[in-house]
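Data first, discussion second: the structure below is written as structure tokens.
The values are calculated or read from the model by the stated rules, or taken from the named source; none is laboratory data. Given the structure is predicted, the values throughout are model-derived calculations rather than measurements. So basically every Cβ, Gly included, is an ideal-geometry build from the backbone, and we count neighbours across all protein chains shown. Please note that ligands, DNA and RNA were not included when accessible areas were found on the heavy atoms of the full protein model with its side chains. Shrake-Rupley method; radii C 1.70, N 1.55, O 1.52, S 1.80 Å.
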Amino acid sequence: MALLTPEDLAEINRQLEKSDETVQRATGLDIKGVCKALYGTEAGSEKVGIVPITAGNGIIGSFSESLLAIVRYFGLDGFITKKPDVSGYYEAVTSGADIVLMADDHTYLAHNLKNRKIANNQPCTGIVYAEIASRSLLAGNKDVLVIGLGKVGFPGAEHLVKKGFSVYGYDVDNDLLKRAVSELNVTPLDLETEAKTETSKKFSMIFEATPCPDTIPEFVLEKDCLVSTPGIPCGLSEDLKIKYGAEVVMEPLGIGTLSMLYSIL
Ligand code: NAI
Ligand code: 0TF
């Protein structure tokens, strides 16, 4: 898994404000509003305990601090434990945390200690970014393109199918594309083949979930499209963003974290 860096998390409050403005402009709801509509839940007075984890590649500078900033940005109460790992978990619970947030290199989880619900970052991120794409105020149809059908993309594509959207999918890994076709009934769109003819469909709603740049080719872009992408780096080049007047929702940690929290309230 590609790990976040402190650079990705720089100015997290500014990144959240910018994303909130974009989501509001493109969908008519802010990020909290999207999560509320998605899960039918609302945050109350929950206290979130954030436990730094030293396993594997260890503590990412500003990861826990960014989580605290995110929790507070969205109006929840939170704290970072002084100790990491098991001692930190003990500290979180004994200090009154209702929800624990913690991540090693493979799993980033949110656990609600009151109702036992637990959330994993990857599906929650996929679902909320897919939901944002699907709420474009400017789209004239229900066609959505999903690029990247891995641990984030597949659950997002599944969510869109369940919502009744016409989902077109592409992944460079043909096995993953085949799985999405057979299990979700996604329509395959081989962007490599399409690139040779450039006769492809164009999309107003694109959900991208890959770790690669420039994954979104010009020939799929509709003017004023909405590109919702958790992928780091961004799959849409700055030139194409400007040329097509695209709204781009992309933020490294906060939107997925709020989706996790709302999914377990
Ligand atoms: P993954 O490795 O499970 O899936 C990525 C998929 O993208 C793979 O199936 C791969 O074959 C595909 N892919 C790579 N290049 C491609 C291309 N040019 N065209 C089409 N498909 C391509 O990774 P995962 O966990 O799904 O994460 C995806 C991205 O989302 C990563 O950049 C990750 O860091 C990021 N992420 C961001 C979060 C956020 O809050 N913004 C939260 C979780 C992950
Ligand atoms: O970097 C990641 C994930 C995060 C997904 C959200 N964008 N790509 N995971 C590693 C987190 C490690 C945290 C570390 N153990 C700490 O500081 O506690």
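Points worth noting:
- Going through (1) touching a helix residue (DSSP H, G or I) at 6+ places or on another chain (Cβ under 7 Å); (2) open to solvent by less than 70 Å² (accessible area, probe 1.4 Å) one by one, K202 falls short only on (2).
- Summed over segment 153-202, residues that are hydroxyl-bearing (S, T, Y), away from ligand 1 (no atom under 15 Å from the Cβ) and over 29 Å from V34 (Cβ atoms) total 3.
- Members of segment 45-79 found to be within 8 Å of ligand 2 (Cβ to nearest atom) and without any contact (Cβ under 8 Å) to a residue 12 or more places away in the chain, listed by number: G58
To keep it simple, each residue is scored yes or no on (1) open to solvent by 20 Å² or more (accessible area, probe 1.4 Å); (2) among the hydrophobic types (A, V, I, L, M, F, W, C).
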| site | (1), (2) |
| --- | --- |
| I12 | no, yes |
| A37 | yes, yes |
| E46 | yes, no |
| N57 | yes, no |
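- Leading residue by the ranking (most open to solvent (accessible area, probe 1.4 Å)) among those in segment 226-250 that are of a type in the set (A, V, I, L, M) and without any contact (Cβ under 8 Å) to a residue 60 or more places away in the chain: I242
- For segment 85-105, the set of residues classified as within 13 Å of ligand 2 (Cβ to nearest atom) and open to solvent by less than 40 Å² (accessible area, probe 1.4 Å) consists of G88, A92, V100, L101, A103, D105, listed by residue number.
- Flag if G256 is at pLDDT 95 or above, outside any helix (DSSP H, G or I) and either open to solvent by 10 Å² or more (accessible area, probe 1.4 Å) or near ligand 1 (Cβ under 8 Å from one of its atoms) (or both): no
- E218 being modelled with pLDDT under 95, closer than 24 Å to M250 by Cβ, charged (D, E, K, R) and open to solvent by 20 Å² or more (accessible area, probe 1.4 Å): no
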